[in-house]
Amino acid sequence: MYAYTEYDQQLLNERVAQYRNQTERFLAGKLTDEEFLALRLQNGLYVQRHAPMLRVAIPYGMLNSAQVRVLAEISRDFDKGYAHFSTRQNIQYNWPALELVPDILEKLASVQMHAIQTSGNCIRNVTTDQFAGVATDELEDPRPWCEIIRQWSTFHPEFAYLPRKFKIAVNASESDRAAIKFHDIGVEIVKDAAGQTAFDIWVGGGLGRTPIVAEKVAEALPPKYLLSYLEAVLRVYNRYGRRDNKYKARIKILVKALGVEAFREKVEAEWAHMKDSEMDLPEAEVARMQAFFPAPAYATLADNPAELVEQRAANPGFDAWVKRNCTAHKQAGYMAVTLSLKATAVAPGDVTTEELFAIADLADQYSFGEIRSTHKQNVVLADVRQDQLFELWGKLKELGFATANIGCLTDVICCPGGDFCSLANAKSIPIAEQIQRQFDDLDYLYDLGDIELNISGCMNACGHHHIGNIGILGVDKKGEEYYQVSLGGCSGRDAKVGKIIGPSFFENDIAGVITKIIDVYVEKRIEGESFLSTYERVGMDPFKERVYAA
Amino acid sequence: MPRKIIKDRAIVEDSFTLVSEPGQLPANGDILVDIAILDDLQSELANRDGKVGIKVTGDVEPELLASHLDNLDLIAIEFPVFRDGRGYSLARILRDRLGYRGELRACGDVLRDQLFYMQRCGFNSFEPRDDRCIEDALNGLSDFTVTYQADALEKRPIYQRRP
C-alpha cells in the first residue's frame with residue numbers, strides 16, 4: 001500500500017500543529033463556534049448527541065496492521081473501548097474529548113493517518129472496491145489512481161469551501177462494488193479502443209433528500225487528463241453550485257438544473273484552459289504510484305487444495321462460511337475473507353479495542369499485514385491462503401466475526417442513528433437488531449440469497465437506504481419514530497433508487513413487515529431468481545398488498 | 001487613520017479609499033470602486049491621478065473584468081461570509097487564465113484560517129476582519145511549507161517537483 005514520503009509526513013505534521021493551534025484558539029475564545037465549526041468539520045469532528053464524534057480517514061479503505069493497532073489504542077485511551085466503521089470506509093470514535101483531538105491526531109500521524117477532510121464542505125475521502133487488486137473481475141488495480149486523487153484533493157486550496165460536501169469513488173471492476181453512480185463524481189476505469197487505460201467520468205449521483213443516479217460527462221478520458229478534468233468539474237461546481245439552500249447545494253442539483261449537456265459544456269470550457277499543462281499526469285508518476293501496490297509475495301499454490309475440500313465436506317458451518325464470506329481471488333490458492341461485523345445484537349460496523357488488536361494480529365498472520373474496510377461496514381483480509389482458511393475460520397468464530405451472512409439480508413448497512421447522531425430522526429441500530437433476530441436461521445438466509453437491506457436514521461441517508469434492495473428510513477412524526485420502507489434499490493452497475501412502498505410503519509412492526517416482504521418474494525420467485533429480479537418482474541403491488549393487508 | 005492590511009506578507013497601511021456611490025469620488029488619492037458604478041465613473045477616472053481598483057464579489061464572471069485588467073492596480077474580492085468559496089476560483093481564473101498581475105485582495109469576512117488557501121489561489125493582500133488581530137492573521141500565511149497541487153504561485157503540482 002502507499003507509504004508516505006518525508007514530504008507527505010511533513011504535510012501531516014504541519015496539519016497537526018495547525019489544528020492544535022486552532023483548537024487552542026477556540027478554547028481561548030478567539031474563534032467563535034461558527035468559525036471553529038467549519039475548521040473542526042474539515043477535520044472530521046462533529047459535536048454529537050453525547051459527545052464529539054471524530055471520523056478518521058481510511059484512504060480507499062486500506063490499512064496496515066500497525067495502523068489498526070493505533071486505532072485500537074485510540075479507542076482504548078481516548079474513547080470507551082470501541083470504534084465504528086462507517087459506510088464510506090472510514091472509522092469513527094463516538095466519545096473523544098474535543099480538547100484531546102490534537103493528541104489523537106498526533107498519534108494518528110505517527111502511522112500516516114489523519115482525519116483530514118472527513119467531513120465539511122470539501123472533497124472527502126476517496127473510496128473504492130474493497131477487493132481492489134485481488135478481484136477476478138477487475139480491469140486494473142484502482143488504488144494507484146485513488147492515491148493520485150487523494151493527493152490532489154488533500155488541502156486543495158480552491159475547493160475547501162464548496163457549496164456542500166463532495167464525494168469521489170473509483171471503480172475498476174465489472175460489478176461496481178464502490179457504488180460510483182451514487183457519488184458526486186464516479187471515476188470508472190475502462191479500456192479505450194486501443195486497449196489503453198482510460199476513464200469514464202460520472203457526475204451528479206447522490207443519496208440524501210434527492211437520490212439521483214449519476215450521468216456520464218466524459219468517456220474514455222486519457223489518464224494524463226484525469227486531474228485537470230476533475231479540477232474543471234470542481235471549479236464549475238464551486239462557482240455555480242447553489243449556496244442559498246443546503247438541501248439543494250450538492251452537484252447533483254446543479255447537473256439536473258443545467259442538464260447534463262450544458263453542464264458538460266461548462267466543464268469542457270473550463271477544462272480547455274487547464275489541459276495540456278503541467279497538471280497533466282506524467283506516465284512516470286502513474287508508474288511511481290503503481291509501484292506502491294505490488295502483488296504481495298504469494299506462494300505458488302493451486303486452487304481448492306485437498307485439505308480445504310475435506311474440511312468443507314466435514315464441516316457444513318465452515319463450508320457455508322467459505323461460500324458466503326470468502327471471495328474468489330486473482331491469485332491461485334488464495335481467497336479474500338470478509339469478517340462480518342454484522343453479528344446479531346452488535347451495532348453494525350462496531351468493533352471493540354480488543355477486536356481491533358485481534359484483527360491486526362490476524363492480518364499479520366494470514367494476510368500480509370493488510371486490512372481493508374468496506375462501504376458495507378465489514379472488514380476484509382484480502383490475501384488468505386486457501387489451506388489456512390479453516391484455521392482462520394476457527395479464530396474468527398471465537399472473535400464473533402465468522403457470522404456467515406455476507407451479502408445476506410442480515411448483512412445490514414446501518415448508520416449510527418438516533419442513539420448517537422444528532423441529525424437522526426429515529427434510531428437505526430435497534431431496527432437492524434430486530435431484523436437480525438427475526439432472520440436468525442442461516443439456512444433460510446442462504447436460501448433467500450443476496451439481498452441488500454440498508455437502514456438510515458434520517459434523510460441524510462448515511463445508511464444508503466435508497467439503494468438497498470430493501471431500504472428502511474427513520475422518520476419523525478409528531479415526535480414519534482416511524483419507518484418508511486422502499487423496495488428495488490440497487491447500488492451496482494444497474495444502479496437504481498428504490499421506490500417507497502407506502503405509508504410508514506411503527507418501530508415494533510418492522511421485522512413483521514420485512515417478513516411479509518420476504519414471504520412474497522419466496523412465493524413469487526422463479527428458480528434461482530434474486531429478490532431484486534423478482535421485484536423487478538412482479539412489481540410493487542404484490543408486496544404492497546401483503547404488507548398493508550388487514 | 002488609514003486601515004491596516006496585509007500586503008505581500010507584511011502589515012501596511014491601505015492607500016485605497018472605497019467609493020461605493022458616483023458622487024463620492026475624492027479629488028485625489030488611490031480609489032477602490034465598486035464594480036456596480038464603474039461604468040458611471042469611466043470618464044472621470046480617465047482624467048484623474050491616483051491608482052484605481054475595483055471591488056467585486058466572488059460570483060462575478062471574470063470575462064467581464066478582462067477588458068479592465070490593464071488599467072487596474074487592485075482587484076478586491078469580497079467574501080460575504082468566509083464559507084463562500086467562490087472567490088477562490090475567481091482569484092485563480094484572474095491569475096492563471098487572464099494573467100492579472102496587480103494587487104489581488106481578499107476583503108469582507110476574512111479570517112486567519114483561510115489566508116493560506118487564499119494566498120495559494122493568488123491573493124497577495126488581505127483585509128482581516130476589524131475585530132481580529134492583524135498580527136495574528138499574518139501567521140495564517142505560514143501554516144504549511146509543503147503542498148500537493150499546482151496553484152497560482154506554483155505552477156507545478158507535486159508530481160512535477162518531487163524532492
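Since every read-out is calculated from the coordinates, none of them should be taken as a lab result. Just so it is clear, the model here is predicted, and its values are computed rather than measured. Every residue, glycine among them, receives a Cβ derived from its backbone with ideal geometry; neighbour counts consider all protein chains shown.
Applied to the stretch B:41-54, the Karplus parametrisation 6.51 cos²θ - 1.76 cosθ + 1.60 on θ = phi - 60° returns per-residue 3J(HN,Hα) values of 9, 3, 5, 5, 5, 4, 9, 10, 7, x, 6, 10, x, 10 Hz, with x for Gly and Pro. With 19 Å as the limit on Cα-Cα distance, the pairs of A:Lys275/B:Lys155; A:Lys167/A:Lys256; A:Lys323/A:Lys397; A:Lys246/A:Lys376 that go past it are A:Lys246/A:Lys376. Spherically averaged projected area of the convex hull of Cα atoms, the stretch A:251-297: 5.5 nm².
For A:Lys246 and A:Glu507, a Förster radius of 30 Å and the Cβ-Cβ distance give a FRET efficiency of 0.60, rounded to the nearest 0.05. Provide, for q = 0.28 Å⁻¹, the log10 of I(q)/I(0) from a solvent-free Debye sum over equal Cα point scatterers in the stretch A:38-86. Values, matching the q order: -1.22. Among B:Cys133, A:Cys122, A:Cys146, a tally of other beta-carbon atoms within 10 Å of each Cβ gives an order, fewest to most, of B:Cys133, A:Cys122, A:Cys146.
In terms of its C-alpha gyration tensor, the stretch B:5-66 has an oblate overall shape, because the principal axis ratio a/c (a ≥ b ≥ c, square roots of the eigenvalues) is not below 1.5 and a/b does not outweigh b/c. Cα convex hull, the stretch A:64-159: 128 Å³ per residue, rounded to a whole number. Each label point was placed 7 Å from the Cα along the Cα-to-Cβ direction; for A:Asp443 and A:Ala28 their separation is 6.9 nm.
Using the alpha-carbon positions of the stretch A:136-225, Rg (one decimal) and Dmax (whole number) come out as 13.5, 41 Å. With both residues required to sit in the protein assembly as shown, DSSP beta bridges show an antiparallel share near 60%. Calculated mean residue ellipticity, 222 nm, chain B: -5000 deg cm²/dmol, from DSSP H runs (n ≥ 4) at -39500 (n - 2.57) each, averaged per residue and rounded to 500. Loop-located GluC sites (Glu not before Pro) in the stretch A:467-550 (DSSP state other than H, G, I, E, B) with a sparse environment of at most 12 neighbouring Cβ atoms within 10 Å: A:Glu527.
All Cα-Cα separations within chain B were binned at 10 Å from zero, giving a P(r) of 10, 38, 35, 13, 3, 0, each value a whole percent of the pairs.
Cα-based values for the stretch A:306-399, radius of gyration first and Dmax second, are 12.9, 38 Å. Need one word for the protein assembly as shown: rounded, prolate or oblate. Basis is the Cα gyration tensor (sqrt eigenvalues a ≥ b ≥ c); a/c below 1.5 gives rounded, then a/b vs b/c decides. It comes out prolate by the Cα gyration axes.
Ranked for footprinting exposure by Cβ neighbours inside 10 Å, fewest first, B:Val12, B:Val56, A:Val236 give B:Val12, B:Val56, A:Val236. Here A:Ala269 and A:Glu6 are evaluated by their C-beta separation; at R0 = 60 Å the FRET efficiency comes out at 0.95.
Placing pseudo-labels 7 Å out from each Cα toward the beta carbon at B:Gln24 and A:Lys323 gives an inter-label distance of 7.8 nm.
For the stretch A:1-122, count all C-alpha to C-alpha pairs, find those more than 24 Å apart, and express that count as a whole percent of the total. Of all Cα-Cα pairs in the stretch A:1-122, 21 percent lie more than 24 Å apart. Using only Cα atoms, locate the centre of the stretch A:191-211 and the centre of the stretch A:380-437, then give the distance between them in Å, rounded to an integer. Answer, in whole Å: 29. Residue-wise HN-Hα couplings along the stretch A:283-294, as the Karplus relation 6.51 cos²θ - 1.76 cosθ + 1.60 with θ = phi - 60° gives them from phi, are 4, 5, 5, 4, 4, 4, 5, 4, 5, 7, 10, x Hz; Gly and Pro carry x. Shape class of the stretch A:423-521 from the alpha-carbon gyration tensor: oblate, with a/c at 1.5 or above and b/c at least as large as a/b. Simple spin-label estimate for A:Lys477 and A:Ile526 gives 3.7 nm between the two label positions (7 Å along the Cα-to-Cβ direction from each Cα). Using R0 = 22 Å, the C-beta based FRET efficiency linking B:Leu98 and B:Lys155 works out to 0.90.
Once backbone amide H atoms are built at 1.01 Å from N, A:Ser86 has A:Ile91, A:Gln92 as its partners under 5 Å, excluding neighbours fewer than 5 places away on the same chain. Determine, at each q value in 0.13, 0.23, 0.25 (inverse angstroms), the log₁₀ of I(q)/I(0) that the Debye formula gives when each Cα of the stretch B:95-163 is one equal point scatterer. Summing over Cα pairs of the stretch B:95-163 leads to -0.41, -1.01, -1.10.
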